[in-house]
Amino acid sequence: MWPQPSHIGVFCVAIVATTGIQSIIMRSALIKIRATQTEKEAFERASSLAGLSLSAWVRERLRRTVIRELTEAGIQIAFLQVMEGQD
């Protein structure tokens with residue numbers, strides 16, 4: 001589960017706790033999507049049930065899909081290499 005970010009201007013800072021070590025991850029890229037109102041409401045309900053902000057919930061689900069699809073295609077995943085470098 002990914003942490004809920006706190007928004008500061010256009011940047012997003014999340015404190016990630018890994019084995020007692022805290023890292024700061026800066027998020028500045030913005031992705032906009034279009035959805036129907038009922039899709040948005042369902043996404044909001046699901047994110048609430050998961051205890052995540054909508055942004056964190058969508059990002060977590062997209063990351064899972066990216067990992068699965070790029071791994072199946074034999075393509076390296078840049079954000080996993082960045083995460084590994086922080087440990």
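The number of residues in region 44-84 being polar (S, T, N, Q) and out of contact with any helix residue (DSSP H, G or I) (no Cβ under 8 Å at 6 or more places or on another chain) comes to 5. Mind checking which residues of region 26-68 are in a helix (DSSP H, G or I), of a type outside the set (A, V, I, L, M) and over 27 Å from Leu80 (Cβ atoms)? Scanning region 26-68 gives Gln37, Thr38, Glu39, Lys40, Glu41, Glu44, Arg45, Ser48.
Total residues in region 72-83 satisfying the condition of being at pLDDT 95 or above and in a helix (DSSP H, G or I): the figure is 1.
The values are calculated or read from the model by the stated rules, or taken from the named source; none is laboratory data. These numbers come from a predicted model, not from an experiment. Glycine also receives a Cβ, built like all others from the backbone with ideal geometry; neighbour counts cover every protein chain displayed.
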